[in-house]
1. I'd like to compare 226-235, 273-282, 255-264: which one has the highest average count of other Cβ atoms within 10 Å, and what's the full order after that?
2. Would you report the distance distribution of C-alpha pairs in region 102-226 as whole percents per 10 angstrom bin, up to the bin with the largest distance?
3. Describe numerically, in nm with one decimal, the distance between label points set 7 Å from Cα along Cα→Cβ at LEU269 and at ARG283.
4. Okay, which of region 96-128 sit inside 20 Å, backbone N to the point 7 Å along the Cα-Cβ direction of ASP221?
5. List the lysines whose Cα sits under 17 Å from the Cα of LYS222, skipping any in the same chain fewer than 8 residues away.
6. If neighbour count is taken as other Cβ atoms inside 10 Å, put TYR265, TYR62 in order from fewest to most.
7. Nearest 0.05, what FRET efficiency do LYS339 and GLN210 give at R0 = 56 Å with Cβ-Cβ as r?
8. Mind scanning LYS110/LYS196; LYS261/LYS357; LYS51/LYS316; LYS261/LYS353; LYS261/LYS347 and naming the pairs with a C-alpha gap bigger than 22 Å?
Amino acid sequence: MFGSKRIAELENENQCLKQELQTARQEVETYRLAQHDLQTTSLNESADTSKEELLSILLGSYEDGMNFLQNTVEESLTMLGEINTLNDASMLGGQNVEKQTQEILTSMEKIQLLTQNFTRDVENLSSSVSAISDIINLIKDISDQTNLLALNAAIEAARAGEHGRGFAVVADEVRKLAERTQKATLEVESNISILKQNTNSMADTSETFQTESRASMAILDKFSVEIQTVLSNSTRITNKCDNVTNEISVSNGKIDHILLKLRGYNAALKRQNTDIMGHTSCRFGKWFTSVQKLLNTNIVHEVSDHHTRVHDGLKKAVEIFATTNNATEGIEAFKAVEKSSKIGFEKLIEAFKAIRKS
């Protein structure tokens with residue numbers, strides 16, 4: 001999931017490093033056997049003695065290089081294990097996030113439905129209130145007409161002796177108004193009942209809405225925690241991948257220089273010259289130039305100085321064995337190369353360990 005491709009690339013790089021390490025072991029084993037043959041057959045000859053000393057330096061260099069690489073490879077494997085653990089946790093967190101996202105969507109759908117129901121209840125409530133308002137207006141109208149009829153009745157009463165029929169007309173009108181009032185009253189009661197139902201429905205919807213909202217907030221809280229965990233793990237994976245990349249690159253540089261020195265030793269043993277590339281042309285030199293901004297300036301200068309000494313010193317040692325008989329000077333040159341190689345890489349790996357990201 002998060003960084004899986006990069007983790008796979010780092011594991012592949014680590015495997016390649018192991019293969020290069022095995023190649024170096026095989027070459028050095030050849031020189032070990034050659035040293036053994038020299039010790040058992042020609043120890044008293046000066047030329048063979050210088051070869052034996054040269055092979056001894058080579059084998060010491062190999063042992064130092066193997067110890068260095070074994071430690072860095074083991075630490076890289078440990079960090080890769082930590083990266084895989086974080087990646088597994090991120091994958092699980094991602095699954096939880098996916099599940100919680102679905103729960104949130106479901107909850108949002110419920111809330112949307114509740115909102116629709118709530119809107120419907122509000123509309124119904126508004127309709128009921130409007131109906132009651134209309135009925136109240138009707139009752140007011142009936143009341144006004146009743147007052148008018150009462151006035152008419154008073155007038156007719158004053159003329160009762162002469163126009164008795166007017167009372168009957170007024171009484172009939174009052175009866176009709178009474179019926180209308182009764183009907184309006186029933187409609188008011190009916191609408192009030194509907195109003196109560198709508199109010200209860202709104203209360204239920206509101207309570208359910210609050211329950212769903214609380215549930216959604218709880219899910220969102222979990223979602224937020226999971227997202228933060230995933231983001232944190234993702235950052236840690238990126239940081240640890242950077243750590244492994246840098247330290248594997250140092251290990252690759254160490255192997256490159258073991259192979260470069262083996263080439264130099266092979267040429268010296270055969271007393272042949274060979275082309276030794278400059279310190280800015282080798283793979284390690286190009287990589288180191290690209291990462292110098294990550295390191296302390298003093299460390300950069302110190303490692304660069306030792307790296308230059310390795311290449312220049314190796315070239316000098318090979319030339320001495322190829323063009324002169326001064327084996328002692330050549331051996332001292334090789335010793336200086338080994339010293340700079342050891343110090344330079346040890347300081348570099350410690351510098352990268354000091355700036356490891358957590």
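No lab work stands behind these numbers, since they all come straight from the coordinates. Just so you know, these numbers come straight off a predicted model, no measurement behind them. In this analysis, Cβ positions are derived from the backbone assuming ideal geometry, glycine residues included, and neighbour counts consider all displayed protein chains.
1. 255-264, 226-235, 273-282
2. Percent of pairs per bin, in order: 12, 24, 17, 14, 12, 9, 6, 4, 2, 0.
3. For LEU269 paired with ARG283, the spin-label model returns 2.3 nm.
4. Output list for this probe position: 96-108, 111.
5. Here the lysines satisfying the reach criterion relative to LYS222 are LYS99.
6. TYR62, TYR265
7. 0.15
8. Flagged as over cut-off: LYS110/LYS196; LYS261/LYS357; LYS261/LYS353.
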